[in-house]
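Below: the structure, in structure tokens.
Nothing in this text is a laboratory measurement; each read-out follows from the coordinates by a stated rule. Please read all numbers here as calculations on a predicted model, not as lab measurements. Counting neighbours? That spans all protein chains shown, and the Cβs are built from the backbone with ideal geometry, glycine included.
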């Protein structure tokens, strides 16, 4: 993790403005969903991207009954079911 040297204060409602330079770097647009993680004493923001319902992988996804699954998981399930 690298420091940007940018410091922001929370407003009265607990909000933080993400500087435009960072939004451009991270390709964040208005209304984009952002995931929030906590790691010990760190708060981590990441642009949300849906992943496989089983592995969390974000590559080669196939929608099925309202969820996303990676092709490799589908192939593994088909092999396990001997299809």
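Okay, here's what the table says:
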item: Where labels lie 7 Å past Cα in the beta-carbon direction, separation of residue 12 and residue 41 in nm; result: 3.1
item: Relative contact order for the chain, counting Cα pairs under 8 Å that sit 6 or more residues apart, in percent; result: 14
item: Angle in degrees between helix 71-80 and the longest Cα principal axis of the chain, rounded to the nearest 10; result: 30
item: Gyration tensor (alpha-carbon) shape descriptor, segment 1-48, a/c threshold 1.5; result: rounded
item: Value at 222 nm in deg cm²/dmol, rounded to 500, when DSSP H runs of n ≥ 4 in the chain each add -39,500 (n - 2.57); result: -5000 deg cm²/dmol
item: Choice from 47, 31, 67 with maximal GNM fluctuation in the chain (Cα, 10 Å cutoff); result: 31
item: GNM flexibility winner over the chain from 24, 46, 15 (Cα, springs under 10 Å); result: 15
item: Burial ranking of peptide ranges 17-23, 5-11 (average Cβ count within 10 Å, highest at the top); result: 17-23, 5-11
item: Full-extension gain in nm, residue 82 to residue 25, via 0.36 nm per residue minus C-alpha separation; result: 15.9 nm
item: Additional length obtainable on full extension of the chain from residue 48 to residue 34, 0.36 nm per residue less Cα span; result: 4.6 nm
item: Whole-percent pair-distance distribution, where bins are 5 Å wide, for the alpha carbons of the chain; result: 3, 10, 15, 18, 15, 10, 10, 8, 5, 3, 2, 0
